[in-house]
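Have a look at the structure that comes next, please.
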Amino acid sequence: MSRARLLQRERQRVEEQLAAAQALFERVALWVGAASLLGVALAALVAWRTTRSVVAPLARLETAALQIAQGDYRHRMPDTGTQEVDRVGQALNTMADAVAQREQQIVRLAYQDSLTGLPNRTALLHPQHPVPEGYNALLLIDLARLKAINETLGFATGDTLIKELAVRSQAVLQAAMAQGWVGPHGVVARLAGGSFAMAVRAAGRREVEQLRLALSAAMAPSVACSGHSVDVAICCGLAGAETQDTVAANVLLRNAEVALHSAKRAALDHTWYSAAQEAARLDHLSLVSDLRAAVAQSQLQMWLQPKFALASGRAVGAEALVRWVHPQRGFVSPAEFVPFAEQTGYITMVTDWMLREALATLQVWERTHPALGIAVNVSTRDLQDAGFAQRVGDMVAASGVDPARLRLEITESGLMEDAQRSVELLHALRAEGLPLSIDDFGTGYSSLAYLQKLPVSELKIDRSFVDGIDRAPGTQKLVRAMTEMGHGMDLLVTAEGVETEAERSTLVRLGCDVMQGYLRSRPLHGAALQAWLDRELGVK
């Protein structure tokens, strides 16, 4: 009985412990479930906060970066309250500002002239904001003598003139637009160097001509530069304004360039474009292309114009003049092809050909006329060639001709293109034994101080001083002064273009040494040259 009671009691105790354990397990399970739910809630809360404070701002950063990449630099990243993201946003904003500033600078460099602040050629031909009404006229303006001013007075003076030309041109255009001569959207652009373009819309040529006259009047006052008073001289080429139709800027500019070149060749201050100019330009370009073949195929001819001593009347030499007999065009005047040959550089081929022909003639004259010399003209291009003196020296040495019989003539204006280099080249030529002359003296800008540096032995007074000198007392005084100056420097003085006996007599009285001109002989070639030699020098 007692054993059964003990077993019953033990069973109850075990059951009570199991019930207690079950209750504890259920409570623990409830706690774990609650903790899990709390963890999930906390995770959701953390995820929500993370999305709000990090992911969304990063998405906005990405959108801002894409907008910057597309060129919208005005977009800004606002503060998010998250320090790390805000720092990235601030860096992005700073980068956008820097890129915007650099792009504005690039645009300025691409479309604006840095010296004058005016639009440049690119802005004129490809404007950022095209003018709705367009243009129908263009004035191409060129500042004269800019190269000489830069070389003599310095580039700072040249820059001052360029800026002054820009200011005056803008003022003229503003006044013209205010008075209604031209439309309200005209533009002045600097193209390069001293070249400017003024593009406008005008009712006709009369209004554009009024604009040009106002521009010329505005350039009349001189400019004070570094203690010097410098004139603002311009040359203009005009194109368009024939109709009210808009014309592409590149077409207007091209036509104005043709007109400008035509004005310069004719020594005019302005010229309007015409189809005839275009035809002449194409014709000249064709001639220049044919010139290389002309040299190779002996189409050129060397004509000689004799020179005579004024005191004795005897021949003392001749000047070589180039002539061209084209197989299709016939005789081509030097005035038609020499200027273009100068521009293209082909003139050096002509000079070399003339030198070889002159030396060949002097070789022939060695036996019959050893006292006669030949003078050959040297171009400005030749003066800029560092190897010219050596090349001429080699030609003379190969020919065996006494270099004293080959004279080189250099124009005064050509010498002033690059004064320092010209002096060096002339000394190199003189070292080869070649006598040198200054041609067209009195038409350039050389000073006495500069002339003293030149190893020349002859001054050739330009024909503009000789024409009608017997009837011009003022010109006689000038020529007398030139002659006395030349003699004072131990130079031979030659007068060009003598055509009348009165001119010759006057030159004798003024003391000139040598004459050249139609009075005694025109340029000669071939049989006519031989006949002159036979007659004047007694050669049978």
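The values are calculated or read from the model by the stated rules, or taken from the named source; none is laboratory data. This is a predicted model, so every value here is computed, not measured. Cβ atoms come from the backbone with ideal geometry, glycine included; neighbour counts cover every protein chain shown. Surface areas here come from the heavy atoms of the whole protein model, side chains and all, with no ligands, DNA or RNA. Shrake-Rupley method; radii C 1.70, N 1.55, O 1.52, S 1.80 Å.
Taking the conditions exactly as written (in contact with a helix residue (DSSP H, G or I) (Cβ under 6 Å, 6 or more places away or on another chain), under 25 Å from residue 514 (Cβ atoms) and open to solvent by 10 Å² or more (accessible area, probe 1.4 Å)), does residue 309 satisfy them or not?
no
Can I ask one more? Being within 17 Å of residue 166 (Cβ to Cβ) and in contact with a strand residue (DSSP E or B) (Cβ under 9 Å, 6 or more places away or on another chain) is the filter; apply it to segment 225-241 and report the residue that is most open to solvent (accessible area, probe 1.4 Å).
Applying the filter and picking the extreme gives 231.
Still on this structure, I have one more. Just to check your reading of the model, which residue among 258, 247 is open to solvent by less than 50 Å² (accessible area, probe 1.4 Å), under 10 Å from residue 136 (Cα atoms) and in contact with a Gly (Cβ under 8 Å, 6 or more places away or on another chain)?
247
Restricted to segment 404-422, and to residues that are of a type in the set (Ser, Thr, Tyr) and assigned to a helix (DSSP H, G or I), which residue is farthest from residue 384 (Cα to Cα)? Walk me through it before giving the result.
Taking segment 404-422 as the starting set, the residues that turn out to be of a type in the set (Ser, Thr, Tyr) are 411, 413, 422.
The next check asks that each one be assigned to a helix (DSSP H, G or I); those that pass are 413, 422.
Working: 413: 13, 422: 8 Å.
Step by step, filter segment 404-422, then rank; the result is 413.
Can you say whether residue 508 is at negative phi, open to solvent by less than 60 Å² (accessible area, probe 1.4 Å) and β-branched (Val, Ile, Thr), as far as the supplied structure shows?
Considered against the rule, which asks whether it is at negative phi, open to solvent by less than 60 Å² (accessible area, probe 1.4 Å) and β-branched (Val, Ile, Thr), residue 508 comes out as no.
Restrict the check to segment 126-142 and report whether at least one residue is of a type in the set (Val, Ile, Thr), buried (at least 16 other Cβ atoms within 10 Å of the Cβ) and closer than 25 Å to residue 221 by Cα.
Yes, segment 126-142 has at least one match.
Quick check on my filter: what residues within segment 339-358 are closer than 10 Å to residue 379 by Cβ, under 21 Å from the mean Cα position of the chain (by Cα) and assigned to a helix (DSSP H, G or I)?
Listed by number, the residues that qualify are 341, 342, 347.
For the structure I just gave you, tell me whether residue 303 is in contact with a His (Cβ under 6 Å, 6 or more places away or on another chain), surrounded by 13 or more Cβ atoms within 10 Å (Cβ to Cβ), in a strand (DSSP E or B) and of a type outside the set (Asp, Glu).
Values: in contact with a His (Cβ under 6 Å, 6 or more places away or on another chain): yes; surrounded by 13 or more Cβ atoms within 10 Å (Cβ to Cβ): yes; in a strand (DSSP E or B): yes; of a type outside the set (Asp, Glu): yes.
When the stated conditions are applied, residue 303 passes them.
What are the residues in segment 381-403 that are closer than 20 Å to residue 370 by Cα, assigned to a helix (DSSP H, G or I) and open to solvent by 20 Å² or more (accessible area, probe 1.4 Å), if any?
Correct list: 395, 397, 398, 399, 403.
Could you list, in sequence order, the residues of segment 121-173 that are farther than 30 Å from residue 419 by Cβ and under 18 Å from the mean Cα position of the chain (by Cα)?
121, 122, 123, 124, 125, 139
Let me ask something additional. Which pairs do you get when a residue that is more than 11 Å from residue 458 (Cβ to Cβ), found in segment 474-495, comes within reach of a residue that is open to solvent by 40 Å² or more (accessible area, probe 1.4 Å) and part of a helix (DSSP H, G or I), reach meaning Cβ atoms under 8 angstrom, with the pair 6+ apart or on two chains?
Note: pairs meeting the criteria are 485/448.
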